[in-house]
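Down below is the structure, laid out as structure tokens.
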Amino acid sequence: MSTTGQSTPVGATGADDTQKIRRPGTQTGQGTGMRDGAMARTAPRRDLNAAAARARGGAAAPSAPASRPPRTAGPGASTARTSAARTAPTRPVRRTGPRRVRLVLQRIDPWSVMKISFLVSVALGVATVIMVAVLWTVLNGMNVFSTVNDLIVEITTGESSASSFNLMDYVGFGRVVSLSVVIAVINVILLTALATLTAFLYNVCTALVGGAHLTLSDE
């Protein structure tokens, strides 16, 4: 009896020790359960945040190529392009002669032709007057007029008879210069009129049969 009474507290003591030993494991299980519960409560929130991030990323994806800065080729890319350009076969350059261009003179402005022809004819008239004056001076200095005058007197009247004929009355300096001025004025009028009329006639012929073909070359 006494043994049985003593054994019972021993078993109780063992059970208490077993509970004491298992208590840390029970506490560990409780901590793990609390962590699992917290993770379970925060999992929907993380899923919502991830879905929102994916939605924002999908909306910003189309505009990404437009906002992307242009890529700058590095030294390696330029070296690769240079080597490719060197190794690429090039077509031989054809050596041709001088370049020629064929043009058609379709129309001439009569007003511009008249102005140009007038100026050119005036220049030619002035040059004619100056040339006549210089030529008369040179011939007079060489006694050409006096020699011709003596020859005419000898032919008409003979050596013994005197004559009142004088060549200078007809070919004097003033008379010759005046005649050259009159001829220059007539030439100005005629050349201007003829050039303008030629421009009108050319335009008429161009309208009928086409203009004059011109071939221009580099050389």
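All of the numbers you see were taken from the coordinates with simple rules; none came from a lab. A quick note: this is a predicted structure, and the numbers were derived from the prediction, not measured. Every residue, glycine as well, gets a Cβ built from its backbone with ideal geometry; the counts of neighbours run over all protein chains shown.
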Length gained, Leu119-Ile189, 0.36 nm per residue minus C-alpha separation, equals 24.1 nm
Whole-Hz ³J(HN,Hα) for each residue in the stretch 200-209, computed from phi via Karplus 6.51 cos²θ - 1.76 cosθ + 1.60 with θ = phi - 60°, x for glycine and proline: what do you get?
4, 5, 5, 5, 5, 5, 5, 5, 8, 10
Pair Asn143, Ser164: separation of 7 Å Cα→Cβ label points (nm):
2.7 nm
Points 7 angstrom from Cα along the Cβ direction at Ala55 and Ile155: gap in nanometres?
12.8 nm
